[in-house]
Structure formats: C-alpha cells, structure tokens
1. Quick one: Debye curve from the C-alpha atoms of region 43-190, no solvent, what's log10 I(q)/I(0) at q = 0.12 Å⁻¹?
2. Share of Cα-Cα pairs in region 76-131 beyond 17 Å, in percent?
3. State the antiparallel share, in %, of DSSP beta bridges confined to the chain, rounding to the nearest 5.
4. What is the ratio of the Cα radius of gyration of the chain to 2.2 N^0.38 Å, with N the residue count, to two decimals?
5. Mean separation of Cα pairs under 8 Å and 6+ residues apart, divided by the residue count of region 319-395: what relative contact order is that in percent?
6. Return a whole-number percent for the relative contact order of the chain, with Cα pairs under 8 Å and 6 or more residues apart as the contact set.
7. Tell me the Kirkwood hydrodynamic radius of region 243-387 in angstroms, computed as one over the mean inverse distance between distinct C-alpha pairs.
8. Quick one: if the Förster radius is 45 Å, what FRET efficiency do residue 388 and residue 313 give, using the C-beta to C-beta distance and rounding to 0.05?
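Read-outs: derived from the displayed coordinates by stated rules, not from any lab. Small disclaimer: the values here were computed from a predicted structure and weren't measured. Reconstructed Cβ throughout: ideal geometry from the backbone, glycine too, with neighbour counts over all protein chains shown.
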Ligand SMILES: Nc1ncnc2c1ncn2[C@@H]1O[C@H](COP(=O)(O)OP(=O)(O)OP(=O)(O)O)[C@@H](O)[C@H]1O
Ligand SMILES: [Mg+2]
C-alpha cells in the first residue's frame, strides 16, 4: 500500500488551518497543522520532513518569508507552497527566489492548490532523477578505477566480465581491504541492472534486530519507535543489486530469513501482513574463511550454497606484488587531486620498499600510506615509516604491534602484558561461545563494535588465525 503523503500547514489563522485540513484530508493526505513559523522551524530542525509545507506569509513574530528562508537553510529540498492575502510582486519574487515552489493568493481555488502540489511532485521527481544520475556517474568513475596489472587480477577482471551479465548471486571472498567491494560494484556496472540501484549493506555494522528492519523495512507501529513505515534495503534495491558485505556477521535467524527471500523473491516488512515482491540480484562478501565459518555455525551452509552460484576470491596484495607500483601511482594521483597538491614523484627506494612490505591491510593500508605520503610531502620520512613498519612485523608478533616502536622500559613491558592478558581473555570468551561474537561481547562486558575492533587489533579470526597463529606468521616471514 502506498504511504500517505504528509502536509504541514503553517498559518496563524485557526479557520484557515481547519479549512485546509478538511480539504486535504478528503484527498487522502495526512495533514498536520501549526500556528507559527517558529513551531514549523522547530519541527524541521528536529528532522521532520513533510512531503509538502503550506506556509502563510503574514504571521506575527516570525513571518512567512523569514520562516521560508530558515527552513530552506536546513533543507533546501523541502517543497514549500506560500499562501498570502497579498500578491505584492516583490514578496512573490522574493519567495520564489528563496526556494518556494509556488505562491497562492487567498482566496484560492482548489484547482490552484492541486496545480501547486503537482509542481512540487515534478520538482521532487526531477531531483530524484538528478541524484540517480549522479550516483550512476560516480559508479562509472569507480568502474574505471578497477586496476588489474597482475595475472591473478587480469583473470578476475575476465571472470567479472563473464559473470556480470548472468543474473545469479555471486559470493566474493578475500581478506580485508583486498577490493571485494570494488569487485561487487564492477559486477553491477557490467550487468543488465547497471542503470538500477546498487545498494550496499554492511551486515557487521548493526545488531540483529536493527539489521532485519534495515534489510526488510517495517510498518508504522511494528515496534516502539517505528513512528512511520519505512522501506527496507531490499525494496530500495528493487530491479538492481544488493551487496551484503560481511555476510557471516548476520545472525542465524536472519540468515534463515534471507534464504527464504532468495528462494521466494518475496517477504513481509516487519509488522506487515502483506508481502513485498522484489527482483534483486544478491552479491555477498566475507573476509572470513568460509569453511571455518560454516564449521563454527556462523554461516549457514544452505545459505552459502545458494549464494555461491558463482564465486570470486580476491587474493591479498602480497600475492600480487606486481601491482604495487601501479596502485601506488593510482592512489598518488587520486589524493594529489583530492588535496589539490602537486603529484610528488616517489623515489625508487621508496617504491622498492613498498614492493617488499607485505601490506597485511592490503589495498586499504597501501591507500592510507599513500594518502599520508601526499599530505606530509616527505619521501624520506615515508621511506623510514615503511622500514619501521616492516621491522616491527619482523621483530614482534602481531599482538605487540600496536605498541609504538620506540617505547621502551617498564611502560612498554606493562603495555605488552596488559595486551597479552586482554587477548587471552577475548580468545577464551570467543572459544567458549563458539565464536559467536555477540555472546562473547556480552560475556566480556564490552560492546560488539569494541570486540570487533579488538579482534582486528589482535588478529583474532576464527578461520584465518588463532592464538598460536602470530608465531606461525613470523616463521613464514623469516
Ligand atoms: N582493483 C582495484 N583498483 C583500484 N583500486 C582498488 C582496487 N581494488 C580495491 N581498490 C581500492 O582499495 C580500497 C579497498 O577496497 P574495498 O573497499 O573494495 O576492499 P574490501 O575488500 O571491500 O575491504 P573490507 O573487507 O575491509 O570491506 C578502496 O579504496 C578501493 O577503491
Ligand atoms: Mg568492503
């Protein structure tokens, strides 16, 4: 069922408020009224966004033109229709200049009001089309930024071109920062759905219930705080692509629901009786070891096999060293342009050191390094930073990496011991809860986000690494 459009009527005259309310409610609008510009501003300032505002010009205290000016400052996309007894040209021109869609003079005909509302709708549609066009252009630009200079990435590019037009789910795996999202966007851009939305959802960013309402939307009153119905990301992605990032972070309950949606192409918003039918291509990604995640019960096997019709594994940067100089220059150009600085010419020894460093954070770590390089404009300093990063990896296990390299003595010792104890406690909690992060966070009395941060810091990952893994990594390096 289409949502009712909401109108806010702002007029100090009770009879006009009543008249407009009756007139518009008959037409099926939800009408709210306030008696001053100040009240209207308070509402808009608090985030209320009615579909239309009908604003009287002559009001005591804050007049209509001033209210209009302040409201447009808060949100220039508001659709405001001015209403006045006077049709003095100066006022009309000023109202239109400030951003009002139309100006009606009292007494007005109902048809005039209808025409003004139609104008608002057209303006809204135009704005939506502009935004869609802008997003489309941004995506096109990103598509051009898919660099593939190593044999592995050239093969991946070919795979993408092959599978993009085939309308089935794709499962993308790879360590954090390798470029999974870039792959997902490119699949969308090369598919038949390219002119439709690409909607990304980070499944790790929200706890279970919130993620469910984010994905599937809700009806008004579905839960406390659901004051207005809201479409979910699946509805917003209709006819396009949805990218479910960090899928293994989704709760098992939600994974089961997702499986049904994939099978039936329909579901209900939370609190709704009717079903919504959607036509969405699903791309999913994880940086976990998939088989380990299934073994732990974190990723449902049936869901994985449904999503994994086609798959792409993006290799870590250390396995495609040939690309480092190219990516270095790519990020160099990107950030020089962004920060409006001349593009520096990196020294050979800096590029060589970048080629030797293993980049555990992959492309994202390299990108941040180059960003710093552009900002600081210190080739030698960046070179030394790289050497220190490499030495720190050789010298210490990853669990000690966060300590500043030059920190010495008792302070460093205490910090090391504290971190070791912290890591032990987190690993124990994870093992006891069979790697259910939510339960582990609860057991440790910290937030879910803090736990994820700590796990990343200590390189704790159910699949890739365990508590003994840092030592194993060191052995491999030496
Ligand atoms: N092939 C590529 N060409 C150019 N830039 C790339 C490429 N792949 C990734 N990047 C850049 O590297 C950064 C990290 O990529 P992306 O966000 O896709 O990684 P990710 O695997 O999704 O990371 P995470 O697991 O942390 O979400 C981004 O800034 C992206 O633009
Ligand atoms: Mg990502």
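1. Values returned for q = 0.12 Å⁻¹ are -0.66.
2. Details: 616 of 1540 pairs.
Of all Cα-Cα distances in region 76-131, 40 percent exceed 17 Å.
3. Of all bridge pairs located within the chain, approximately 10 percent are antiparallel.
4. Details: Rg = 28.2 Å, N = 478, 2.2 N^0.38 = 22.9 Å.
In units of the 2.2 N^0.38 Å rule of thumb, it is 1.23.
5. So the answer I get is 37 percent.
6. Values: 671 pairs, mean separation 50.5, N = 478.
It rounds to 11 percent for the chain.
7. On the way: mean 1/r = 0.0537 Å⁻¹.
With all distinct Cα pairs of region 243-387 included, I get 18.6 Å.
8. Numbers: r = 32 Å, r/R0 = 0.70.
With a Förster radius of 45 Å, E is 0.90.
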